[in-house]
């Protein structure tokens with residue numbers, strides 16, 4: 001057993017604080033106070049100063065939030081779908097099929113743009129593009145979707161490449177390729193190309209291929225132009241400066257809003273559109289009693305009805321009736337048997353006295 005007071009006389013080793021080493025040097029760096037002399041920590045070169053100033057300006061510019069005005073209309077304009085392709089490829093047949101799919105009925109003749117209501121908040125405007133470079137340029141600027149038709153039995157034609165080059169210049173829209181005349185393809189031999197080019201002669205296309213693109217200048221005359229339709233993008237203002245390709249820079253003289261000829265259906269909780277809500281607007285196709293011609297506009301009116309013609313004999317007999325059906329039934333009598341009493345219209349037997 002340890003003697004009493006042995007623990008009181010015990011002396012432990014003292015802790016020595018480290019004065020050198022990695023931790024001590026890091027601690028000194030953290031606790032080191034930088035000098036307040038601004039001239040001692042300035043730039044050493046003008047190049048470094050300009051880089052730092054530009055970097056600080058870029059950081060401040062990124063922090064800024066510029067508010068843009070929402071110019072979206074309350075009722076969006078219809079989506080423009082263009083049908084593009086060379087001649088005799090089936091553009092008109094495709095347009096008839098699309099119209100018949102949405103309306104469940106077709107047209108005898110389709111001319112100009114056709115606007116359809118395809119959903120609760122969507123309208124689609126189909127435009128058939130002619131084989132004219134001016135029409136291709138105009139439609140490449142405004143089209144939302146392009147249905148590019150290709151004759152599979154012939155291959156890519158010059159009009160297809162012309163339109164694709166135009167789209168690359170004016171902004172490539174959404175393009176959906178459609179192959180037609182696949183039934184004309186017979187057995188394909190080894191090494192044959194499915195899609196082929198007609199080739200070039202002396203670095204030029206063949207004459208029969210560029211025949212449709214020959215432009216003929218027409219005499220111009222000063223006249224007043226009245227345009228109507230849906231506005232895409234920015235809003236129109238009075239006396240706004242506009243540019244018409246081939247004419248020049250002009251100014252709007254008068255601007256007014258007209259009722260929507262193909263409005264969207266009412267906001268009702270239903271999953272699909274009714275047949276009455278599937279509206280169509282095709283002014284150049286003669287729909288709605290209005291026919292547009294090159295020189296005039298024809299409005300179809302209802303013909304006058306002639307009431308002096310022959311009428312049905314049953315209708316004439318009904319006009320001479322003076323009493324109603326209930327009055328005739330109440331006064332009628334029916335005898336079932338020869339010796340029985342007649343029955344009236346109210347179901348009671350009538351007693352007849354014969355003298």
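The values are calculated or read from the model by the stated rules, or taken from the named source; none is laboratory data. Owing to the predicted nature of the structure, the values given are computational and were not obtained by experimental measurement. Note that we place each Cβ from the backbone using ideal geometry, even for glycine, and neighbour counts take in every protein chain shown.
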Q | Selection within segment 262-281 - touching a helix residue (DSSP H, G or I) at 6+ places or on another chain (Cβ under 8 Å) and modelled with pLDDT of 75 or more | A | 280
**Q.** residue 325, sole failed condition from (1) farther than 30 Å from residue 112 by Cβ; (2) modelled with pLDDT of 70 or more; (3) surrounded by 10 or more Cβ atoms within 10 Å (Cβ to Cβ)
**A.** (3)
Q) Among the candidates 119, 177, which residue alone is closer than 19 Å to residue 88 by Cβ and surrounded by fewer than 18 Cβ atoms within 10 Å (Cβ to Cβ)? A) 177
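This table checks each residue for (1) surrounded by 10 or more Cβ atoms within 10 Å (Cβ to Cβ); (2) under 24 Å from the mean Cα position of the chain (by Cα); (3) within 30 Å of residue 173 (Cα to Cα); (4) at pLDDT below 85.
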{"position": "24", "(1), (2), (3), (4)": "yes, no, no, no"}
{"position": "45", "(1), (2), (3), (4)": "no, no, no, no"}
{"position": "59", "(1), (2), (3), (4)": "no, no, no, no"}
{"position": "85", "(1), (2), (3), (4)": "yes, yes, yes, no"}
{"position": "92", "(1), (2), (3), (4)": "yes, yes, yes, yes"}
{"position": "97", "(1), (2), (3), (4)": "yes, yes, yes, yes"}
Q.
Can you confirm whether residue 148 is more than 21 Å from residue 169 (Cβ to Cβ), surrounded by 16 or more Cβ atoms within 10 Å (Cβ to Cβ) and either within 17 Å of the chain's Cα centre (by Cα) or at pLDDT 85 or above (or both)?
A. no
Q: Restrict the check to segment 240-253 and report whether at least one residue is within 27 Å of the chain's Cα centre (by Cα), closer than 26 Å to residue 278 by Cα and at pLDDT below 80.
A: no
Q: Could you please find all residues in segment 72-112 being assigned to a helix (DSSP H, G or I), in contact (Cβ under 8 Å) with a residue 60 or more places away in the chain and over 21 Å from residue 261 (Cα atoms)?
A: 94
Q | Every pair of residues 6+ apart whose Cβ atoms lie under 6 Å, when the first sits in segment 243-257 and is without any contact (Cβ under 8 Å) to a residue 40 or more places away in the chain while the second is in a strand (DSSP E or B) and surrounded by 10 or more Cβ atoms within 10 Å (Cβ to Cβ) | A | 250/242
**Q.** Residue list for segment 158-184, filter: assigned to a strand (DSSP E or B) and either within 18 Å of residue 78 (Cα to Cα) or touching a helix residue (DSSP H, G or I) at 6+ places or on another chain (Cβ under 9 Å) (or both)
**A.** 174, 175, 178, 180
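Working only within segment 133-157, note down all residues that are in contact (Cβ under 8 Å) with a residue 60 or more places away in the chain and over 30 Å from residue 74 (Cβ atoms). I'd like the intermediate steps shown before the answer.
Here is the first cut: in segment 133-157, the residues in contact (Cβ under 8 Å) with a residue 60 or more places away in the chain are 133-134, 137-138, 142-151, 157.
Residues satisfying the conditions are 133, 134, 137, 148, 149, 150, 151, 157.
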Q: Please verify whether segment 123-133 includes one or more residues that are surrounded by fewer than 18 Cβ atoms within 10 Å (Cβ to Cβ) and over 21 Å from the mean Cα position of the chain (by Cα).
A: yes
